[in-house]
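The values are calculated or read from the model by the stated rules, or taken from the named source; none is laboratory data. What you see is a predicted model, and the numbers here were worked out from it, not measured in a lab. Backbone-built Cβ (ideal geometry, glycine too); neighbour counts: all protein chains shown.
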Amino acid sequence: MKAEELIKMEDKYGAHNYHPLDVILTRGEGIWVYDVEGKKYLDFLSAYSSVNQGHCHPRIAAALKDQVDKLTITSRAFRNDQLGLLCKEVCQLAGMEMMLPMNSGAEAVETALKTVRKWGYTKKGVARDKAEIITCAGNFHGRTTTIVGFSTDELYKKYFGPYPDGFVSIPFGDAEALENAITPNTVAFLVEPIQAEGGVIIPPAGYLKKIRKICSKHKVLLVFDEIQTGLGRCGKLFACKHENVQPDIFVLGKAISGGFYPVSAVVSTKEILGVFTPGEHGSTFAGNPLACAIAREAIKVLQDEKLVANSEKLGEYFMKKLRTIKSKHIKEVRGRGLLIGLELKKEAGGARRFCERLMEDGLLCKETHEDTIRFAPPLVITKEDIDWAFERIRNVLETMN
């Protein structure tokens, strides 16, 4: 079917909870995707960083095909031969002791919320149902009703209340605000090391070290949501490693499965994740052998192909080039690794029209928070690919009115 017919069908039968660019993709390989008419595009979004390893990576595809003929799911009522291996490998990767597998990123965040609350009641001595969790303005941790309840973006939360109590919001990047917000009932601080969905917002230098010190001082668990920023996206294995900070809990997802399957994880110490007892938390699909086999190979690809180092090197190169663009529309270029935000001035008329023009030129980008174009290609991208893309980005930004 032609693109126009497929777009009409989706708009007629699908709920309108997204505003996608009008391109109908049918195939992907590495950094490239192809539409139903055969046109080729460079993917500069990576499915919100789910395909750090590139589209349809052959090694991960082979792991999927091998496992899918053996065993796909057992549920957690029984054990399987892949889960223990994945848990060990993820713990070693993150410098932790225990992992709890889930499916989506939002599920992993919800799991972290339950974890810190029970830890607060059973380990810290907070009175039952009085636990407080501190979050940041501009956060994006998912779409569940609990999570949108502590969002500060009205678009995400309007019409979906009432919301649960127990959350306190502070400005992002303000360590003093964290110190002032902590009470005897505070059990955790949930924060993204870089606010990706919020517009690629980077905190001041030293912020992560300061919040680590504050949380340790007050016996508050530091929870880093690295679902989008982790696993090489920001030029380090985890974005928090730009300041050599270790949280009490990592929340992981997206690239942990290379885009082949929904896989997420909460990774922590035995003292923290050990609070769960059988029956208190779970998910039918979480930790299934197919998911685990895929995730194990996806992690190996990141390591074997040195994609973290490539992200760091090419991210710096790309940002330097972007800062040479002479355009009246550009306010700022910022980023870490291959997570880069190009913020436009308000007078530019929003980022979407630039993304639509870039699509015509063979680049798929997406606006975030109206005025920022996010550049986040698969980490397998090369210097030559970036040069090719840069010429088109420069042309669009310098010639559009």
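Here are the numbers for this structure:
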| item | result |
| --- | --- |
| Output for the stretch 1-27, where each listed residue is among the aliphatic types (A, V, I, L, M) and either farther than 20 Å from Glu367 by Cβ or assigned to a loop (DSSP other than H, G, I, E, B) (or both) | Met1, Ala3, Leu6, Met9, Ala15, Leu21, Val23, Ile24 |
| Count - residues of the stretch 241-258 that are of a type in the set (Asp, Glu) and either surrounded by 24 or more Cβ atoms within 10 Å (Cβ to Cβ) or within 20 Å of Lys114 (Cβ to Cβ) (or both) | 1 |
| Qualifying residue in the stretch 54-72 (condition: among the charged types (D, E, K, R), surrounded by 14 or more Cβ atoms within 10 Å (Cβ to Cβ), under 30 Å from His281 (Cβ atoms) and assigned by TED's automatic domain parsing to the domain that holds Gly279) | no |
| Residues of the stretch 126-158 that turn out to be at pLDDT below 95 and either farther than 23 Å from Lys254 by Cβ or hydrophobic (A, V, I, L, M, F, W, C) (or both), as a count | 3 |
| Boolean, Thr183 is over 24 Å from Arg233 (Cβ atoms), in contact (Cβ under 8 Å) with a residue 12 or more places away in the chain, in a helix (DSSP H, G or I) and not hydrophobic (A, V, I, L, M, F, W, C) | no |
| Criterion: in the same structural domain as Tyr41 (by TED's automatic domain parsing), outside any helix (DSSP H, G or I), in contact with a Leu (Cβ under 8 Å, 6 or more places away or on another chain) and aliphatic (A, V, I, L, M) - qualifying residue of Ile386, Ile393, Ile381 | Ile381 |
| Residue, surrounded by the fewest Cβ atoms within 10 Å (Cβ to Cβ), within the stretch 357-366, restricted to residues that are touching a strand residue (DSSP E or B) at 6+ places or on another chain (Cβ under 8 Å) and modelled with pLDDT of 95 or more | Gly362 |
| Cβ pairs under 7 Å, 6+ apart, first in the stretch 246-266 and outside the structural domain of Trp119 (by TED's automatic domain parsing), second assigned to a strand (DSSP E or B) | none |
| Filter result for the condition that a residue is under 30 Å from Phe78 (Cβ atoms) and not in a loop (DSSP other than H, G, I, E, B), over Val275, Val333, Val308, Val266 | Val266 |
| From the options Ala309, Ala298, Ala293, residue that is at pLDDT 95 or above and surrounded by fewer than 17 Cβ atoms within 10 Å (Cβ to Cβ) | Ala309 |
| Out of Tyr41, Tyr48, sole residue that is more than 22 Å from the chain's Cα centre (by Cα), under 22 Å from Leu379 (Cβ atoms) and of a type in the set (Phe, Trp, Tyr) | Tyr41 |
| Residue ID - surrounded by the fewest Cβ atoms within 10 Å (Cβ to Cβ), chosen from residues in the stretch 121-135 that are at negative phi and among the charged types (D, E, K, R) | Arg128 |
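A quick yes/no check of all residues on (1) modelled with pLDDT under 95; (2) not in a helix (DSSP H, G or I):
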{"site": "Tyr48", "(1), (2)": "no, no"}
{"site": "Ala63", "(1), (2)": "no, no"}
{"site": "Gln67", "(1), (2)": "no, no"}
{"site": "Ile73", "(1), (2)": "no, yes"}
{"site": "Ala77", "(1), (2)": "yes, yes"}
{"site": "Asn80", "(1), (2)": "no, yes"}
{"site": "Cys87", "(1), (2)": "no, no"}
{"site": "Met96", "(1), (2)": "no, yes"}
